[in-house]
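Below: the structure, in structure tokens.
None of the figures in this text is laboratory data; all of them are computed from the coordinates on show. No experiment lies behind these values; they were computed from the predicted model shown. Counting neighbours? That spans all protein chains shown, and the Cβs are built from the backbone with ideal geometry, glycine included.
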Amino acid sequence: MESKLFDSELKVMQVLWEQGPLPARAIVDVLSQRVGWNKNTTYTVIKKCIEKGAIERTEPGFICRALIGEDEVQQSETEQLIDKLFGGSTELFFSAFLKGQGISEKEANRLAQMIREKE
């Protein structure tokens, strides 16, 4: 992917991640209902995603397919957030998150298990 996806582009990607390859018209219908976008807005955002290498468009039918996965974008966005706000420190990120959110004992145990599995 060539560059960071903006929030509007992530809305288009979310539709493709949820539903798989779709004609652009179907993406227009979904985003019209979800966020009130018109056809031109949706097509403009799809075009930007294509230019960034996030979506591939094929004919016939202007079928759009995600070229990047949701997990890849989540990983990239998380790394950028940690770098930007916490100087790259995952520990500071988790500390701030836990102070602000609080988690249940069940969630804490699951996080501890995930950390152990990564080691």
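Past 31 Å, Cα to Cα: identify those pairs from 47/99; 52/84; 39/99; 47/84, in the order given.
Values: 47/99 40 Å; 52/84 22 Å; 39/99 42 Å; 47/84 28 Å.
The answer is 47/99; 39/99.
For the range 1-66 versus the range 71-101, the spacing of their alpha-carbon centroids is 27 Å. The mean of 1/r over all pairs of different alpha-carbon atoms in the range 7-70, once inverted, gives a Kirkwood hydrodynamic radius of 11.3 Å.
Over the C-alpha atoms of the chain, the Rg to Rh ratio, Rh being the Kirkwood estimate, stands at 1.09. Spin-label model, residue 113 to residue 84: label points 7 Å out along the Cα-to-beta-carbon direction sit 3.3 nm apart. Residues considered: 27, 46, 82. Largest GNM mean-square fluctuation over the chain, using C-alpha springs under 10 Å, is found at 82.
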